[in-house]
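A short write-up of the structure that comes next.
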Amino acid sequence: MRIVRICRAVTPGRPEGGAARRRRRPLLGTFFLVNAVLTAVSGCAGTPPGGDAAAPRPAAVLHVPGEYPTVQAAADSARPGDLVLVRPGVYREGVTLRTPRVVLRGTDRQGVVIDGEFRRANGITVTGAGSAVENLTVRHHLANGLLFTGVTDERLQQRGAGGSGYDPLDTVKYPPLQGFRASYVTADANALYGIYAFDAHAGVIEHSYASGQADSGIYVGQCRPCDTVVRQNEVSHNAVGIEVTNASESLWFLGNRIVGNRVGMTLNSNDVEALAPQHGAVVAGNVIRDNNDPDSPEQADGGFGIGLGIGGGTGNLVTRNLITGNAAAGLLVTDVQGHPADGNRLAGNALSGNGADGVLTALARTGNCFSARPDGPCTPVADRPAAVTAPPGRSFRTLPPAPARPGSADPETAPPIAAVGLPGPVPADDYPLPDS
């Protein structure tokens, strides 16, 4: 069998335009089986004598707007391993990243803005396995700022791929996205979720900031096992800072600042989504403080003044968190319809200045344990939160812009790193109780 390779000519040192790339793309690495003798045609450009013709090609850098007028045009031309590098500007478009192992990066976290203008549903939708989004801002969308998902049906994506009013997802038809990462992303004033991982496994959300979402700043939903870590993020002025629904096993929330939302964080079971009940998350080393912001958007269920609430979640570990200044309750554990809360251990947290530090509602009294020490005995807690009247809140459309946050190092020169093999080792024990 003989293999003939069709090669393209590339002028050394000359960048290829978008149209040229799109025309030539089908020819890259194309092989035709011709006969029963296995030989290779030599002399193709880019293959040194004696070199390995199958060696991976170097990552290409696709510049926006220098080579491509829109982010979507560059994303459509990217091949696995490429970097889409976006220079400062307001990009009024929705972007879908379908190609695997592509890194989409802004050169300036505050200056590169994907703006929905309160008209488009999603800012950036990632369905390409192993892809990453870095160092940019997504704002003013009617669903999500940044969505990682295995859902490829655009009709479901327009509804948020997991928002209210949808049927439980067919997990066979839409297998989970494998591999994702968000680093140094700012999500500002979106109508549903700021950064949303739904039907997605093996990911990292890190060093990001979510402010002013009408629902949740960061949301992890419907995964089992999730193999996901959410670490060193900041969420403020959202209806809910971090929301977790039907997301279970190998799931960590570490070293985050959850400050000044209406509700800080929730771990929920819900039959509206698949894979209930939620179970097996680790919440450690976080600051969960002052989640009574009257100027945050009001959520439909009206929660207010709660640091961390577990609604029907099971087998979760909440430890070494600083939880203070939450007007209704620091920690609240309750059953929800069809899902009793059970087997949750809330131990070794620093609780002070909350309406009630710990609350077990009547039906959740058995099977859950509050303890002052990580390995200590269970201790009695209140059976109801302090009475708090929730203020009406504000529209997400009227909130002030998110403040500036530090960007990633060397965004113009750092090599692209695909979201493969994540989350890697997760040293949860390295996240101590934060200093008050």
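The values are calculated or read from the model by the stated rules, or taken from the named source; none is laboratory data. Every value quoted in this text rests on a predicted model; they were computed, and no experiment measured them. All Cβ positions, glycine included, derive from the backbone under ideal geometry; neighbour counts span all protein chains shown.
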Answer yes if at least one residue in segment 85-98 is outside any strand (DSSP E or B), out of contact with any Pro (no Cβ under 9 Å at 6 or more places or on another chain), modelled with pLDDT of 95 or more and closer than 17 Å to residue 179 by Cβ, and no otherwise.
yes
Answer from 239, 276, 197, 247 - the residue that is of a type in the set (A, V, I, L, M) and in contact with an Asp or Glu (Cβ under 8 Å, 6 or more places away or on another chain)
239
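Residues checked against (1) surrounded by fewer than 21 Cβ atoms within 10 Å (Cβ to Cβ); (2) closer than 22 Å to residue 228 by Cα; (3) not charged (D, E, K, R):
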residue: 281; (1), (2), (3): no, yes, yes
residue: 316; (1), (2), (3): no, yes, yes
residue: 331; (1), (2), (3): no, no, yes
residue: 337; (1), (2), (3): yes, no, yes
residue: 369; (1), (2), (3): yes, no, yes
If you take the residues in segment 370-423 that are of a type in the set (Ser, Thr, Tyr) and assigned to a loop (DSSP other than H, G, I, E, B), which one is farthest from residue 210 (Cα to Cα)?
379
Please go through segment 224-283 and pick out each residue that is among the hydroxyl-bearing types (Ser, Thr, Tyr) and within 23 Å of residue 354 (Cα to Cα).
236, 266
Quick one: what pairs do we get from segment 341-366, first residue closer than 11 Å to residue 307 by Cβ, second among the hydrophobic types (A, V, I, L, M, F, W, C) and in a loop (DSSP other than H, G, I, E, B), C-beta under 6 Å, 6+ apart or different chains?
355/327; 355/328; 355/386; 356/386; 358/381
Can you report the number of residues in segment 391-423 which are under 11 Å from residue 296 (Cα atoms) and among the aliphatic types (A, V, I, L, M)?
1
Scan of segment 315-346 for residues that are acidic (Asp, Glu) and either assigned to a loop (DSSP other than H, G, I, E, B) or farther than 20 Å from residue 251 by Cα (or both), ordered by number
335
Mind listing just one residue for me: the one in segment 406-436 that is within 22 Å of residue 202 (Cα to Cα) and in contact with an Asp or Glu (Cβ under 8 Å, 6 or more places away or on another chain) and, of those, surrounded by the fewest Cβ atoms within 10 Å (Cβ to Cβ)?
408
Inspect segment 347-367 for any residue being within 26 Å of residue 192 (Cβ to Cβ) and part of a helix (DSSP H, G or I) and give the result as yes or no.
no
Run down 342, 293 and say which single residue is among the acidic types (Asp, Glu), farther than 24 Å from residue 428 by Cβ and in contact with a strand residue (DSSP E or B) (Cβ under 8 Å, 6 or more places away or on another chain).
293
Taking segment 57-84 and keeping only residues that are of a type in the set (Val, Ile, Thr) and assigned to a loop (DSSP other than H, G, I, E, B), one is left with 70
